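Student: If you scroll down you'll find the structure; I have some questions about it.
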Amino acid sequence: MEDFDLENPLTSSKSQEQDQTDMISELFASESDHMPSESHFQSLKSQHSLVSLQRDATSSIVKARFSCNIDPFVAYLAMNYLNRFVSRRGMLSAKPWILKLLSVSCLSLAAKMMKTSLSLTDFQMEEGIIFDSQTIQRMELLILGALNWRMRSITPFAFLHFFLCFFERNDPPLKQSLKARATDLIFKAQNEIKILKYKPSIVTASALLSASHELSPMQFPCFLQAISSCPYINKEELLDCCNLMQDVVMDGYGSIVFDRASSSDKAVSALDCDFLTSESENTNNMSSRSDIIRSEAEIKRPKLSDFCCNETFHQLSQQMQRC
């Protein structure tokens, strides 16, 4: 089995020679095949019991990521398999042992795809139920069949590099920070059922925009304009997902605290001030932290939601000409 990388899901012996533009087009054309069906999402909206069952199934994978120290990318891939399987075959049964078996088998398949060692025994002992290898293998085959053996899943991580190219500032450390922060948000957003309706590319764009709003607010409007102008992006979906991603940021997670009630009082991190200072002052001298941090009255940072409205997208094409 060839190596599999979530950031380069199409990379293989056949695609190494493939033109980069063709690979990007193929990613966008194929991403819908690697996400839960629209009908499944509609079922989740109308059937609360189904939401509860799906949360029970996915909670085992989330728990395993932390308690058994499983690679977060393996856990993410396993969750992708589980969500896709459930959207095509249903939950099979509400019995707890069936849900546990489904979670174990998805983790097993993900670990095999990414060639990562995984002790299924340790994981199952945590869950209190231990399945023999033949039972797990039978469930794996059932999952493989339901997914049509499409195991090289296209996830949001596949679009990180593409959208980072829209960030105009040539600052490798900053871009790396944006990527790291967006990656954290993608991991956290996976636990939100509502995120299932959005294509992986939309999730990536929203995560990077949220990261940009935190780490480089002065560049955010240009970044937003560039991404929203991408021909592959549906602006309405991007707006909706941006708002959902902002809820993820606000949910006890984020280096910056945004006040929804007021756009005039903002908490500004030292990291933001470093970026703002470096853009406005050309100096190689190291300033003390007290010199870097500006007063709240001096820096008025708009909320992400202030940008995420249809009128703003309509106006940005003219307002951002100076960028």
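Student: Of the residues Leu144, Leu120, which single one is in contact with a helix residue (DSSP H, G or I) (Cβ under 8 Å, 6 or more places away or on another chain), surrounded by 13 or more Cβ atoms within 10 Å (Cβ to Cβ) and at pLDDT below 90?
Tutor: On the way: Leu144 fails: at pLDDT below 90.
Every option except Leu120 fails the conditions.
Student: If a residue must be at pLDDT 90 or above, within 28 Å of the chain's Cα centre (by Cα) and surrounded by 14 or more Cβ atoms within 10 Å (Cβ to Cβ), how many such residues does segment 123-141 contain?
Tutor: The number of residues fulfilling the criteria is 2.
Student: State all residues of segment 147-171 that are open to solvent by 40 Å² or more (accessible area, probe 1.4 Å) and either aliphatic (A, V, I, L, M) or farther than 22 Å from Pro9 by Cα (or both); if no residue qualifies, say none.
Tutor: Glu168, Arg169, Asn170
Student: Another question about this same structure. Which one of the conditions (1) modelled with pLDDT of 65 or more; (2) open to solvent by less than 60 Å² (accessible area, probe 1.4 Å) does His40 fail to meet, given that it meets all the rest?
Tutor: (1)
Student: Could you please let me know if Leu174 is farther than 15 Å from Ser30 by Cα and surrounded by fewer than 18 Cβ atoms within 10 Å (Cβ to Cβ)?
Tutor: Spelling it out, it is not the case that Leu174 is farther than 15 Å from Ser30 by Cα and surrounded by fewer than 18 Cβ atoms within 10 Å (Cβ to Cβ).
Student: Among the residues of segment 187-213 satisfying the criterion of being more than 18 Å from Glu31 (Cα to Cα) and among the polar types (S, T, N, Q), which is surrounded by the fewest Cβ atoms within 10 Å (Cβ to Cβ)?
Tutor: So, considering only residues that are more than 18 Å from Glu31 (Cα to Cα) and among the polar types (S, T, N, Q), the one surrounded by the fewest Cβ atoms within 10 Å (Cβ to Cβ) is Asn191.
Student: For the condition touching a residue at least 60 places away in the same chain (Cβ under 8 Å) and of a type in the set (S, T, N, Q), what is the one hit in Ser105, Ser133, Ser117, Ser153?
Tutor: One residue alone meets the criteria, Ser153.
Student: While we're here: In segment 174-209, what residues are of a type in the set (Gly, Ala, Ser) and at pLDDT below 95? It would help to see each step written out before you state the result.
Tutor: Here is the first cut: in segment 174-209, the residues of a type in the set (Gly, Ala, Ser) are 177, 180, 182, 189, 201, 205-207.
Within segment 174-209, just Ala189 meets the criteria.
The values are calculated or read from the model by the stated rules, or taken from the named source; none is laboratory data. As the structure is a computational prediction, the values presented were derived from the model and not from experiment. Using ideal geometry, Cβ is built from the backbone for each residue, glycine included, and neighbour counts are taken over all protein chains shown. Only protein heavy atoms, including side chains, enter the accessible area calculation; ligands, DNA and RNA are left aside. Shrake-Rupley method; radii C 1.70, N 1.55, O 1.52, S 1.80 Å.
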